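Engineer: This is the structure I have questions about; it appears just below.
The values are calculated or read from the model by the stated rules, or taken from the named source; none is laboratory data. Keep in mind that this is a model prediction, so the values were computed, not measured. FYI the Cβ positions are ideal-geometry reconstructions off the backbone, even for glycines, and counts take in every protein chain you see. For accessibility, only protein heavy atoms count, side chains too; no ligands or nucleic acids. Shrake-Rupley method; radii C 1.70, N 1.55, O 1.52, S 1.80 Å.
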Amino acid sequence: MDRMSAVDAGFYFSEDPAAPMHVGSVLVFEGPAPSYGDVLRLFAGKLVPGYRRRVRELPFNLGRPVWVDDEHFRLSHHVRRVAVAAPGADDQLRELAGRLFSQGLDMRRPLWEAWFVEGLEGGRWAVVCKVHHCLVDGVAGMGLLQALLDWRADAPVPVPTPWTPQPAPSVVGSVVEGVLAPLGSLGRMLRVGAGVDGLSVLRSLPGTARRLAVRTPGSLNGPVGLGRRWVWAKAGLAEIKRIRGVAGGTVNDVILAAVASGFRALLAKRDELRPGLVVRTLVPVSTRSSEERGVLTNRVGAVLVNLPVSEPDPLRRLADVRGQMDGLKRSGQAVVASDVVSGLGDLASGAVLAWASRAVMRVPQRVVQTVVTNVPGPGVPMWMLGRRLAEVWPYVPVAGNVRVSVGVFSYLGEVVFGITADVDGVPDVGVLAEGIREGFDELVAATA
């Protein structure tokens, strides 16, 4: 029986009309645009079986939800067609994608959608993809894109293979297994405890406590409404590597320092910038092994990083971020947190997990102000139906009193930022996007 993991079920139970829990991306291709029929045939030939499954909840949530084949699966329910009016500029595409991302998925069907977008200027076209977070994390979502894309322009379109839905397991059997499953997880929790480097984790706790005690701005946390605004920013991978070569750290450290500059600009515009202020971000860290590539599930931990927005010197901001990230890597907190959360979730009943997941998203909090997730992409050109993939823009949801999130993706020597904001809570999100770009400019100038 294909039962959801505790982490996947947590994302599923967190779904809310005001905060749909799907991740996504916008893929922009060079022209000419193919026909809708060609796009459907491509998806039919490349779609992996996991995307033909829907979720079945158990009565009274006596166990975690299970994945079953959708006996009424129709590809046209998931691959849809839309056009933008002339001239089909980037801002029109962003606006369209923001509206599509604002809408939740149909939870009765397989939890994904793809929108074929025609009418972009220059003969370009796009595909807007949405996949529920209970099905994929960022790395697995990239696996879906790579399954749909080709490594060369003349790649043939595969012929669809026959697919017959498998009968769903009995409800009684699912309930019995769901009720007994937590008992079987005790051994796993003991193995997790035995494998934890307790000394490293304990040494890291005082630093974590100090970071949590630093003051954060109040306006970045609050209720999240129905509307979304989605904006972009961009940097060159070469300029990031030049900054890293002079100032040290990793590519991700430089990216986080630039995001800190963006929030500094946003808070300065709001007249909220104060000495000692930080913006605390949740930074997801993949715990996926090489053997788990392509597996449709979440394999992710996370760390908390204080973005030093009150620091005026860009190099000191970078050094601060680098010091935090180095310490967190040495402690192994991300992997431990992933194992512990997953293990505790496995021990919980489905009803308790559902209640806890919804409570976490609804209870007001000031611990986290944003999420910054970075997924590396291919450095070589990708193709779909003989058309070159020109750009990829990531989408990360906002939820749980966090009004703005930042998705980062790299492709063909460019690092791009998809910034999602609650329309009412962060109407000035454009200032954040411009500030991120200015953050890279400051670092380039400081390391010239």
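One line per residue, one yes/no per condition, for (1) modelled with pLDDT under 85; (2) within 28 Å of Leu220 (Cβ to Cβ); (3) open to solvent by 30 Å² or more (accessible area, probe 1.4 Å); (4) out of contact with any helix residue (DSSP H, G or I) (no Cβ under 6 Å at 6 or more places or on another chain):
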| position | (1), (2), (3), (4) |
| --- | --- |
| Val295 | yes, no, yes, yes |
| Gly301 | yes, yes, no, no |
| Leu318 | no, yes, no, no |
| Leu328 | no, yes, no, yes |
| Ala351 | yes, no, yes, no |
| Met361 | yes, yes, yes, yes |
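Engineer: Mind checking whether some residue in the stretch 31-51 is within 30 Å of Val360 (Cα to Cα) and not hydrophobic (A, V, I, L, M, F, W, C)?
Structural biologist: yes
Engineer: Now, a different point. Would you mind stating whether Leu105 is in contact with a strand residue (DSSP E or B) (Cβ under 7 Å, 6 or more places away or on another chain), outside any loop (DSSP other than H, G, I, E, B) and among the hydrophobic types (A, V, I, L, M, F, W, C)?
Structural biologist: In short, no.
Engineer: Out of the strands (runs of 3 or more DSSP E) lying entirely within the stretch 9-86, which hold 3 or more residues that are open to solvent by 20 Å² or more (accessible area, probe 1.4 Å) and touching a residue at least 12 places away in the same chain (Cβ under 8 Å)?
Structural biologist: Numbers: elements: 22-29, 53-56, 66-69, 79-83.
Per the criteria, 53-56, 79-83.
Engineer: Also, quick follow-up: For the stretch 234-264, how many residues meet the condition of being open to solvent by 10 Å² or more (accessible area, probe 1.4 Å) and in a strand (DSSP E or B)?
Structural biologist: Residues meeting the conditions: 2.
Engineer: Restricting to the stretch 423-432, name every residue that is touching a helix residue (DSSP H, G or I) at 6+ places or on another chain (Cβ under 9 Å) and either open to solvent by 10 Å² or more (accessible area, probe 1.4 Å) or closer than 22 Å to His22 by Cα (or both).
Structural biologist: Val423, Val426, Asp428, Val429, Val431
Engineer: Moving on to the next point. Failed condition for Trp115, given (1) farther than 30 Å from Val172 by Cβ; (2) assigned to a strand (DSSP E or B); (3) open to solvent by 20 Å² or more (accessible area, probe 1.4 Å); (4) in contact (Cβ under 8 Å) with a residue 40 or more places away in the chain, with all others met?
Structural biologist: (4)
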